[in-house]
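The structure under discussion appears below in the form of structure tokens.
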Amino acid sequence: MTVIDFTAFIGRLATASGDTILPFFRTSLSVENKNTGRDLDPVTEADRAAEAVMRRMIKDSFPLHGIVGEEFGSERADAEYVWVLDPIDGTKSFIAGLPIWGTLIALMHNGTPVFGMMHQPYIAERFSGDGGSARYDGPSGKRKLSVRRCASLAEATLFTTSPRLMKAPDRAQFERVEAGVRLSRYGGDCYAYCMLAAGHLDLIIETELKSYDVAALIPIVTGAGGIITTWDGKPAQSGGRIVAAGDKRIHDEALKILNT
């Protein structure tokens, strides 16, 4: 069985999760904080309901597959095929009524992400990739995604979700890169990676990511011709400190600064 056999099923997962989430968006829903400290790590009924729906569908269709999800943990994480789910990536934007969040669905084969989708049901946009190509499907139609060329940091647009999420030493290194770019913006979560794949920005630097934050985005970025690694240049699917770029030249330049 090849990854192409799963594409229609992934589309059904996205539809089901979106149908579950949308009734909660821009309503007065309750928000819990998963973090015991001061920093907010929100979770809502929409997060849990959407992941539960996707888990049931996966178990019904592929009972031998593993599942790793943000809200309900891991089952059979050592299986040949493992689904990695983040029902709402960008929950802080979700609870603020901003439509820059999405459902992340990744399919891993022997530990490598081979297909990923980001679905934004409110805007009705889907970004998907298999590492060899990447695609957009939304209100403006369907098209292939391709990163843009960017020769140096001085020409680059940089995104991060928020420097406040970084530990102090990492934030200091990030600020060194930020000082050299043409434009930096904060926010976006998963949407920033999709905009990188679509050729609208050039560089993303993050820290403290989990596997479910990034696994689905790897085949989209690489399928569009980009590169995504950890700060030390290793595979990114386990999360941690992440650098994504549309052009290898600025990826190399950013890594050099981050590791100096």
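For the chain, adding -39500 (n - 2.57) for each run of n ≥ 4 DSSP H residues and dividing by the number of residues yields -8500 deg cm²/dmol at 222 nm.
Given in Å, the Rg to one decimal and the Dmax to the nearest whole number for the Cα atoms of the chain are 17.4, 50.
Between the beta carbons of Asp252 and Lys210, assuming R0 = 30 Å, the FRET efficiency works out to 0.70 to the nearest 0.05.
Does a label point 7 Å from the Cα of Asp19, set along Cα-to-beta-carbon, have any residues of the range 55-94 with amide nitrogen under 19 Å, and which are they? The answer is 55-62, 87-88. Any idea which of Ile228, Asn259, Gly199 is furthest toward the positive side of the dipole for the range 153-259, if Lys and Arg beta-carbons carry +1 and Asp and Glu beta-carbons -1? Value computed over the given set: Asn259.
Between the helical axis of 7-21 and the dominant principal axis of the chain, each derived from Cα atoms, what acute angle in degrees is found, rounded to the nearest 10? Relative to the chain, helix 7-21 is tipped by roughly 90 degrees. Once all protein chains are placed together, Ile257 keeps about 40 Å² accessible to a 1.4 angstrom probe. Ranked from largest to smallest solvent-accessible area, with a 1.4 Å probe on the protein heavy atoms, Ser28, Ser133 come out as Ser28, Ser133.
Against the criterion of solvent-accessible heavy-atom surface with a 1.4 angstrom probe, Arg55, Arg149 sort, most first, into Arg149, Arg55.
Summary of the geometry: the range 94-143 and the range 187-225, compared by the centres of their Cα atoms, lie 10 Å apart. Shown for the chain: lysine pairs separated by 8 or more places, or found on different chains, whose C-alpha atoms are under 28 Å apart, numbering 21. Accessible surface of Arg12, taken over heavy atoms with a 1.4 Å probe and every protein chain present, rounds to 130 Å². With all protein chains kept in place, the per residue accessible area of the range 32-134 amounts to 42 square angstrom at a probe of 1.4 angstrom.
A cut-off of 5 Å between modelled amide H atoms, ignoring neighbours fewer than 5 places along the same chain, links Leu145 with Ala134, Arg135, Tyr136. The orientation-averaged projection of the convex hull spanning the C-alpha atoms of the range 153-259 amounts to 5.5 square nanometres.
The values are calculated or read from the model by the stated rules, or taken from the named source; none is laboratory data. Fair warning: this is a prediction, and the values are worked out from it, not measured in the lab. Cβ: placed from backbone, ideal geometry, glycine included. Neighbour counts: every protein chain shown. Keep in mind that these areas ignore ligands, DNA and RNA; they rest on the heavy atoms of the full protein, side chains included. Shrake-Rupley method; radii C 1.70, N 1.55, O 1.52, S 1.80 Å.
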